[in-house]
Number of protein chains: 2
Amino acid sequence: MSVRTLCLAILNFEDATGYEIRKQSTEGKYRYFFDASYGSIYPTLARLEAEGLVTVREEAQSGKPARKVYSITPAGRAAFIAALSEPVARDTFRSPFLLVAMCADQVGPGAVRNAIDARLGYLREELGLMETMQGECPNEATRFILDYGRTCVAHDIAFLESNRARLEEIATGPTKDLPQAAE
Amino acid sequence: MSVRTLCLAILNFEDATGYEIRKQSTEGKYRYFFDASYGSIYPTLARLEAEGLVTVREEAQSGKPARKVYSITPAGRAAFIAALSEPVARDTFRSPFLLVAMCADQVGPGAVRNAIDARLGYLREELGLMETMQGECPNEATRFILDYGRTCVAHDIAFLESNRARLEEIATGPTKDLPQAAE
DNA sequence: ATCTTGATATATCGGTTCGATATATTGATG
DNA sequence: CATCAATATATCGAACCGATATATCAAGAT
């Protein structure tokens, strides 16, 4: 799934600047399943324009730098729908946390505990954001995605809370005869 | 999280070729949280060797091309542990399926149904693989990861089975007065 | 016999993307 | 004053992707 398709998706809903596209992919409803950097968005928009799939107009605004607002063309809409109608690729997922978990015995208990706490921290924050966004959600498709995500994150949190001790024990090492030093 | 760290992780467990590292990242225990392409693995190994973090020896073998077996150095081990002890980055996740879901009303019911079926297909397959791998799993950390993944995938499947109708309805459009054509 | 396929292996290409950074403008804060 | 944040555009070098190429052999199909 490419940044190209994401840009077309966002522009298909409404005109946007590169900055707004980036903002939506990190803070808006797209954030749950995509993220794209400036380094990819701007070159992608330039290519889409060169191919006639989007047009751009410049808007001056007082107090801020000028904006370049991108609009999708009919050819762009067609390309977007075509892209969506292809067989759907699998999700991609990478988890530095799980790499730490796999190597827990080498990392040590402190770092593992920190990693678990940090993870729970951002998962809880995410859950809160999802619940907030859902409260103001006008659109059934977005609601579906938020439900999906919310229940997954809630599950994630529950698993971690129930099982963190296992991981911490691996990180600490086999049961020792000596009492643990006071921390 | 980089392919670099993944290569060091795999080599920290045991010597491996580029081909084996790729195999482990797509089929072995690392597959649940990382995937890396040949296009990144080979250049990464070359860089790691140039930096003295791994060494390579060539092994002839009859009936097959010669292998280049990589081993981690003590400096490589230290770099690996250091990398793991950094603050852990968040998971990254991309889902073409969820983009299709968000645009369901434009994609149409056939494509949405296909996407759901395909997704359920590979999730079920994944679940089966996890259960198999867990049955033969000697290592507690790996068992933790498989439990984590298994329960997430099971949840994913359950959600999709319970809620697919919602998505299909969005894709079909608002309730129509006309009866649906027979398919 | 030949051809195709699959497995084990190494490797690279052009294109895309990342993460960091630069620049510009303004307003708010220390 | 300097710093930070927000709104904006843009680019760099490095990393990575997806596809492909090459090599060797064995097994199966024609």
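When you scan the range B:94-147 for helices (runs of 4 or more DSSP H) that lie fully inside it, which ones turn up with 1 or more residues that are out of contact with any Gly (no Cβ under 6 Å at 6 or more places or on another chain) and under 17 Å from B:Glu27 (Cβ atoms)?
The helices (runs of 4 or more DSSP H) meeting that bar are B:109-135.
Conditions (1) in contact (Cβ under 8 Å) with a residue 24 or more places away in the chain; (2) of a type in the set (A, V, I, L, M, F, W, C), marked per residue:
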residue: A:Val3; (1), (2): yes, yes
residue: A:Lys23; (1), (2): no, no
residue: A:Phe33; (1), (2): yes, yes
residue: A:Ala50; (1), (2): no, yes
residue: A:Glu59; (1), (2): no, no
residue: A:Ser71; (1), (2): yes, no
residue: A:Ala82; (1), (2): no, yes
residue: A:Leu98; (1), (2): no, yes
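For residues that are open to solvent by 20 Å² or more (accessible area, probe 1.4 Å) and in contact with a strand residue (DSSP E or B) (Cβ under 9 Å, 6 or more places away or on another chain), scanning just the range A:1-12, find the one that is farthest from DNA strand C (Cβ to nearest atom).
Result: A:Asn12.
Out of all the residues in the range A:32-62, which are open to solvent by less than 80 Å² (accessible area, probe 1.4 Å), touching a Gly at 6+ places or on another chain (Cβ under 8 Å) and in a helix (DSSP H, G or I)?
Correct list: A:Tyr32, A:Ile41, A:Leu45, A:Leu48.
Tell me, please, whether a residue that is more than 10 Å from chain B (Cβ to nearest Cβ), within 29 Å of B:Thr5 (Cα to Cα) and surrounded by 16 or more Cβ atoms within 10 Å (Cβ to Cβ) can be found in the range A:88-101.
Scanning the range A:88-101 turns up no residue that is more than 10 Å from chain B (Cβ to nearest Cβ), within 29 Å of B:Thr5 (Cα to Cα) and surrounded by 16 or more Cβ atoms within 10 Å (Cβ to Cβ).
Is one or more of the residues making up the range A:63-80 under 22 Å from B:Pro96 (Cα atoms), open to solvent by 50 Å² or more (accessible area, probe 1.4 Å), among the aromatic types (Phe, Trp, Tyr) and part of a helix (DSSP H, G or I)?
Within the range A:63-80, none of the residues are under 22 Å from B:Pro96 (Cα atoms), open to solvent by 50 Å² or more (accessible area, probe 1.4 Å), among the aromatic types (Phe, Trp, Tyr) and part of a helix (DSSP H, G or I).
Name the residue that is farthest from the other protein chains (Cβ to nearest Cβ), counting only residues in the range A:15-29 that are surrounded by 18 or more Cβ atoms within 10 Å (Cβ to Cβ) and within 10 Å of DNA strand C (Cβ to nearest atom).
Looking at the filtered set, the residue picked out is A:Arg22.
Can you tell me how many residues within the range B:109-131 are open to solvent by less than 40 Å² (accessible area, probe 1.4 Å), under 11 Å from B:Leu160 (Cβ atoms) and touching a residue at least 24 places away in the same chain (Cβ under 8 Å)?
Summing the residues that are open to solvent by less than 40 Å² (accessible area, probe 1.4 Å), under 11 Å from B:Leu160 (Cβ atoms) and touching a residue at least 24 places away in the same chain (Cβ under 8 Å) in the range B:109-131 gives 4.
What do you reckon, is B:Ala16 under 30 Å from B:Met130 (Cα atoms) and not assigned by TED's automatic domain parsing to the domain that holds B:Ala141?
Here the answer is yes, as B:Ala16 does meet what is asked.
Only one of (1) open to solvent by 80 Å² or more (accessible area, probe 1.4 Å); (2) over 20 Å from the mean Cα position of the chain (by Cα) fails for A:Ile170. Which number is that?
(1)
Counting only residues that are within 14 Å of chain A (Cβ to nearest Cβ) and either more than 10 Å from DNA strand C (Cβ to nearest atom) or among the aliphatic types (A, V, I, L, M) (or both), which one in the range B:30-72 is nearest to B:Tyr19 (Cα to Cα)?
Applying the filter and picking the extreme gives B:Ala36.
In the list B:Ala82, B:Ala118, which residue meets the criterion of being under 23 Å from the mean Cα position of the chain (by Cα), at negative phi and more than 13 Å from DNA strand C (Cβ to nearest atom)?
So the residue among B:Ala82, B:Ala118 that is under 23 Å from the mean Cα position of the chain (by Cα), at negative phi and more than 13 Å from DNA strand C (Cβ to nearest atom) is B:Ala118.
Take B:Phe144 and tell me if it is aromatic (Phe, Trp, Tyr), under 30 Å from A:Ala118 (Cα atoms) and open to solvent by 50 Å² or more (accessible area, probe 1.4 Å).
Judged against the criteria, B:Phe144 is not a match.
The values are calculated or read from the model by the stated rules, or taken from the named source; none is laboratory data. All values derive from a computational prediction rather than experimental measurement. When we count neighbours, we look across all protein chains shown, and the Cβ atoms used for this are built from the backbone with ideal geometry, even at glycine. Quick note on the areas: whole protein, heavy atoms, side chains included, nothing else; ligands and nucleic acids left out. Shrake-Rupley method; radii C 1.70, N 1.55, O 1.52, S 1.80 Å.
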